[in-house]
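A.B. asks: Okay, handing you the structure first.
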Amino acid sequence: MTLSKTSHMLFRTCAPLALGLAAFTAPVALAQDGNGPAPDVTTQLPRSAVPSHYSIKIVPDAANLKFNAEATIDIELKQASKDIVFNAADLAFASASITAQGAKSATKGNVAVNAAAQTATVSFPAALKPGKYRLNFVYSGAISSQANGMFALDYKDGEGKDKRALFTQFEAPDARRFVPSWDEPSYKATFDLSTVVPAGQLAVSNMPVKSTAAQTDGSRLVTFGTTPKMSTYLLFLGMGELERMTTKAGAIEVGVITGKGNVKKAQLALDASAAILPYYNDYFGVPYPLPKLDNVAGPGQSQFFSAMENWGAIFTFERALLVDPKSTSEATRRRVYEIVAHEMAHQWFGDLVTMAWWDDLWLNEGFASWMATKVTDKMQPEWEMLLNRVDGREEAMGLDAYKTTHPVVQKIKTVDEVNQAFDAITYEKGEAVISMLESFAGEDVWRAGIRAYMKKHAYGNTVTSDLWSAVESAGATGLMTIAKDFTTQPGIPLVTVTNAQCSNGATTLSLTQSAFSRDDKGGKALSWHVPVKAQIVGGEQKQIILEGNGKITLQGCGTYVINAGQAGYFRSLYPATNVAGLVKDFSKLSSIDQAGVLADNWQLGLGGYQPMARALDLVDAVPSNASDKILASMIDYLLGAYNTFDGDDAGQKRVLTATSAKLAPVLTRVGYDAKAGEGPQVPLLRQGLIGALGEMGDPAVVAEARRRFAALAADPAALDEPLKYVWLNIVAKNADQATWDRLRTMANSAPSALDRAQLFALLGRARDEKLSGQALALALTDEPGKTTSAAIINAVSVDHSMQAVDFVLANRAKYEALIDVSARSRALARLAGGSADLAMVDKLNGFANQYLTPEARKPTDQAVAAIKARAETRTRIKPEITAWLDAKSGKAKPAKKK
Ligand SMILES: [Zn+2]
């Protein structure tokens with residue numbers, strides 16, 4: 001699955017949990033062949049029955065949001081019993097029966113539902129002997145308006161007509177809303193699915209259509225081919241007025257499916273899929289095992305996820321798949337590529353080989369994220385994707401620096417805990433740790449290990465240690481020890497250089513190890529085996545595994561880095577003299593080390609480990625001819641300094657003045673509009689510049705946005721360009737009532753569902769609280785459409801988190817109907833998470849105490865920790881930033897002190 005991403009523009013993210021050493025006990029005794037959980041793997045079902053095949057017929061009633069169904073399930077009963085327990089949620093049973101293998105007649109059973117446990121028990125008059133049976137259920141279920149189980153997406157087609165399409169979303173535990181099932185990843189089975197499809201509609205599932213039979217009412221009974229053995233959460237069904245475009249990647253048919261009229265906008269995704277498939281076939285060493293691979297675009301959005309890796313039928317919300325040359329930015333185009341790559345990596349890592357239980361979700365998600373970065377870098381080297389790994393590491397450390405964090409491998413018990421497990425630790429720390437381990441093993445040894453792992457566990461289930469065993473066996477001796485420290489322990493190592501001694505042309509660094517924390521500085525530190533790769537800038541790299549404290553000797557003398565290449569998951573704290581050296585030698589660092597040094601020193605300043613001036617000196621040392629990607633990241637730090645002065649207009653104005661001066665030469669070079677022959681990163685830099693200066697209210701940029709918006713009156717196509725929504729965002733943020741009304745009119749007459757959703761969300765961006773209040777009220781009406789309303793409320797929370805939270809608390813039931821069930825425990829925490837107001841802490845805690853179970857309150861606890869730290873940090877660093885600006889404005893040259 002790909003989460004909705006955090007960022008001020010298009011996407012936003014989520015939040016987490018507790019601990020588990022189980023994965024590092026001896027490798028599991030029994031083979032995990034997908035035939036039910038191994039003895040030491042968690043299950044919420046009795047281990048007495050195991051399914052091998054499902055045959056499911058679904059008759060949807062889209063108009064009334066319900067479906068009728070029949071399921072026939074082949075099971076093996078392992079021990080005598082008159083009761084069989086399975087998963088079911090919100091299903092109503094009309095009949096149940098069982099037939100022993102070879103028997104002629106069926107025995108009727110009674111079904112009792114346990115709604116709280118999301119299980120049901122079918123009971124028979126007498127005990128059944130162990131053996132093979134066929135169960136039959138006739139039942140009905142509900143079609144949701146949010147993405148859990150079978151769900152409906154309502155949208156307007158190209159002609160403005162109201163349409164409804166149906167899709168399914170089963171990860172983590174929602175297949176049970178569609179079919180009575182053993183709905184856990186270790187119960188793998190094959191599936192036959194058939195469904196009744198209305199005239200004029202196209203249906204899609206994991207496998208190609210096997211047969212079609214016309215019905216008397218004009219509909220068709222469509223039957224899909226039998227799937228390979230797989231977990232329930234990967235089953236998929238979609239239908240609607242859809243169209244499909246295909247190409248071939250070797251023998252495999254690769255397709256994209258969209259609403260009618262939109263399929264051309266999926267060309268990028270189709271091309272990416274066809275290019276990536278052969279690379280993965282080779283990398284994993286096992287060819288893609290299904291005859292086709294579709295990527296299905298659904299209109300609308302989820303506050304929780306962007307895409308889902310259903311085997312052979314990836315589902316992606318339109319905003320993360322479609323590219324419209326009239327409005328899609330280069331950043332979004334690259335994100336589309338990356339999401340395609342991520343979901344495709346899951347076709348092997350997750351779908352072919354599946355974690356035994358949700359404890360190891362990180363392995364699925366961390367690996368797919370890591371692989372997506374890797375393949376995108378291979379296919380599009382000019383995008384410099386590996387630099388993004390520093391951003392990912394920072395996102396993970398943003399959660400991992402608090403006491404409320406959790407280890408990558410975590411103990412999952414309840415449904416709420418599964419849903420909360422999809423967080424930045426699982427995805428981004430997972431990716432960072434895998435990158436570190438690949439760097440330790442070497443690219444070739446790592447790949448050999450992955451190939452052996454795929455071959456050995458195909459169609460089965462694994463725990464984390466199975467992967468480490470495979471890579472160690474391929475030659476990466478010692479990998480298990482490092483992997484264990486970083487996956488079973490929470491937190492971030494802090495490696496401090498306490499002394500640097502230069503003698504006889506060599507430098508010896510003394511290193512100590514502790515933990516980097518934003519709310520537990522000096523607390524009890526864990527200990528890691530940290531791969532430290534150090535070098536004198538420009539010199540030879542040397543690696544040691546730091547256990548506790550240690551020394552490393554480098555050739556040469558001068559400025560040094562201890563995380564060269566930035567593959568290590570740790571923070572580097574240098575003496576002031578070396579930071580001064582990094583300022584002086586900044587241009588000599590590799591781009592990835594520039595990114596890493598900026599990030600480390602910024603966070604060390606925020607955390608109070610060193611004065612903010614050191615990070616500010618480094619940001620100021622970024623020359624205007626630095627790589628475009630580094631310039632783009634520098635802008636984020638300047639915006640961070642600006643946000644520190646939230647509520648202090650004079651302070652913000654000073655930061656804006658310094659920022660505008662720093663960025664002026666870059667903006668002059670890059671300009672507001674694309675130029676022929678510009679570099680591959682320029683579009684992203686331009687977006688970053690305009691976006692950040694717009695957020696800060698830079699008068700020239702705001703005026704330009706208004707000028708472009710005004711031009712729409714004479715020419716509706718005046719804003720059709722990749723930065724359309726970047727400009728409109730600035731207009732919306734600075735809107736008055738007339739402008740806001742005009743944006744609303746534009747939203748209602750938007751040319752596509754995607755434009756419509758983006759325009760409605762912009763209404764929530766208004767800086768004027770009266771207008772953001774109007775946006776909140778609008779979100780609870782039918783006007784925006786069911787999946788867009790929550791996005792409006794999210795948009796309000798960016799600048800008015802208290803207003804958004806108060807509104808949601810006052811309208812809790814209505815708000816919860818607008819979001820996925822799986823997002824409920826974290827939705828409020830997400831709206832509040834950017835606040836620096838301690839009054840918010842009481843509101844969040846009050847809500848959690850009243851409405852959340854103890855297991856579901858982790859996102860709240862994390863948001864509270866971040867808000868408290870932000871409040872403390874702002875008070876402390878505001879004077880530091882002001883003093884730095886004073887010192888700088890008193891000099892002609894940038895400060896180079898210490
Ligand atoms: Zn994923």
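The values are calculated or read from the model by the stated rules, or taken from the named source; none is laboratory data. Because the structure is predicted, anything quoted here is derived from the model rather than measured. Reconstructed Cβ throughout: ideal geometry from the backbone, glycine too, with neighbour counts over all protein chains shown. Note: areas computed on protein heavy atoms with side chains; ligands, DNA, RNA excluded. Shrake-Rupley method; radii C 1.70, N 1.55, O 1.52, S 1.80 Å.
A.B. asks: Counting Lys and Arg as +1 and Asp and Glu as -1, what is the net charge of the other residues whose Cβ lies under 9 Å from the Cβ of residue 855?
C.D. replies: +1
A.B. asks: Can you sort 348, 602 by solvent-accessible area, 1.4 Å probe, largest first?
C.D. replies: Solvent-accessible surface, decreasing: 602, 348.
A.B. asks: While we're on this one: If I ignore ligands, DNA and RNA and count only protein heavy atoms, how much of residue 765 is accessible to a 1.4 Å probe, in Å² to the nearest 10?
C.D. replies: Counting only protein heavy atoms, residue 765 exposes about 10 Å² to solvent.
A.B. asks: Quick one: Karplus J couplings for the stretch 264-277, per residue in order, coefficients 6.51, -1.76, 1.60, θ = phi - 60°, nearest Hz, x for Gly and Pro?
C.D. replies: Per-residue couplings from phi come out as 4, 6, 9, 4, 4, 5, 5, 4, 4, 4, 5, 6, 7, 3 Hz.
A.B. asks: Which length gain, in nm to one decimal place, applies between residue 210 and residue 243 when the Cα-Cα distance is subtracted from 0.36 nm times their residue separation?
C.D. replies: Working it through step by step, the gained length comes to 10.0 nm.
A.B. asks: Could you do me a favour and compute the accessible area per residue for the stretch 170-291, 1.4 Å probe, result in Å²?
C.D. replies: Here the per-residue accessible area is 31 Å².
A.B. asks: A further question on this structure: How much of the calculated P(r) for the stretch 48-167 lies past 24 Å, in percent of all Cα pairs?
C.D. replies: So the pairs more than 24 Å apart make up 36 percent of the total in the stretch 48-167.
A.B. asks: If we sort 147-158, 856-867, 714-725 on the protection proxy, mean other Cβ atoms within 10 Å, highest first, what's the order?
C.D. replies: Top of the packing list down: 856-867, 147-158, 714-725.
A.B. asks: According to the square roots a ≥ b ≥ c of the eigenvalues of the Cα gyration tensor, what is the shape class of the stretch 551-620, taking rounded for a/c under 1.5, prolate for a/b larger than b/c otherwise, and oblate for the remainder?
C.D. replies: Note, shape of the stretch 551-620 comes out rounded.
A.B. asks: What number comes out for the charge environment of residue 68, summing +1 per Lys or Arg and -1 per Asp or Glu over other residues with Cβ under 12 Å away?
C.D. replies: Here the charged neighbours net out to 0.
A.B. asks: Let a ≥ b ≥ c be the square roots of the eigenvalues of the Cα gyration tensor of the stretch 611-741; is it rounded (a/c under 1.5), or, if not, prolate (a/b larger than b/c) or oblate?
C.D. replies: Since a/c reaches 1.5 but b/c is at least a/b, the shape of the stretch 611-741 is classed as oblate.
A.B. asks: How far is the Cα center of the stretch 782-840 from the Cα center of the stretch 459-504, in Å?
C.D. replies: Distance between centres, Cα-based: 39 Å.
A.B. asks: Next question. Checking the a/c ratio against 1.5 first, then a/b against b/c, what shape does the Cα gyration tensor give for the stretch 335-459?
C.D. replies: Here the stretch 335-459 falls in the oblate category.
A.B. asks: Residue 306's amide H: which non-local residues (gap 5+, or another chain) put their own amide H closer than 5 Å, with H modeled 1.01 Å from N in plane and none for Pro or chain starts?
C.D. replies: It is 2, 3, 4, by chain and number.
A.B. asks: Enumerate the calculated ³J(HN,Hα) couplings along the stretch 791-807 in order (Karplus 6.51 cos²θ - 1.76 cosθ + 1.60, θ = phi - 60°), each rounded to whole Hz, writing x wherever the residue is Gly or Pro.
C.D. replies: Going residue by residue, I get 5, 5, 5, 4, 4, 4, 5, 4, 9, 10, 4, 5, 4, 5, 5, 4, 5 Hz, with x marking Gly and Pro.
A.B. asks: Round to a whole number: what % of the accessible area of the chain belongs to carbon and sulfur, probe 1.4 Å?
C.D. replies: 53
A.B. asks: Determine, at each q value in 0.04, 0.06 (inverse angstroms), the log₁₀ of I(q)/I(0) that the Debye formula gives when each Cα of the chain is one equal point scatterer.
C.D. replies: -0.18, -0.41
A.B. asks: Another question, if that's okay. Do the alpha carbons of any pairs in 411/786; 104/188; 374/455; 66/156; 78/229; 724/786 sit beyond 30 Å of each other, and which pairs?
C.D. replies: Beyond 30 Å: 411/786.
A.B. asks: Run the reach check for residue 265 against aspartates and glutamates, Cα to Cα strictly under 18 Å, same-chain hits fewer than 8 apart removed. What comes back?
C.D. replies: Result set, ordered by chain and number: 157, 159, 241, 243, 294, 318, 324, 330, 338, 720, 721, 755.
A.B. asks: Residue by residue, what Karplus-based ³J(HN,Hα) values in Hz, rounded to whole numbers, does the stretch 624-631 have, using 6.51, -1.76 and 1.60 with θ = phi - 60° and x for Gly and Pro?
C.D. replies: Working through the residues one at a time gives 5, 9, 5, 4, 4, 5, 6, 4 Hz.
A.B. asks: Take peptides 818-824, 294-300, 100-106 and line them up by average Cβ neighbours within 10 Å, highest first, as a rough protection proxy.
C.D. replies: 294-300, 818-824, 100-106
A.B. asks: With axes computed from alpha carbons, what is the tilt in degrees of helix 858-889 against the longest principal axis of the chain, rounded to the nearest 10 within 0 to 90?
C.D. replies: 20
A.B. asks: Another one. Using a 1.4 Å probe and counting only protein heavy atoms, arrange 524, 484 so the residue with the most accessible area comes first.
C.D. replies: 524, 484
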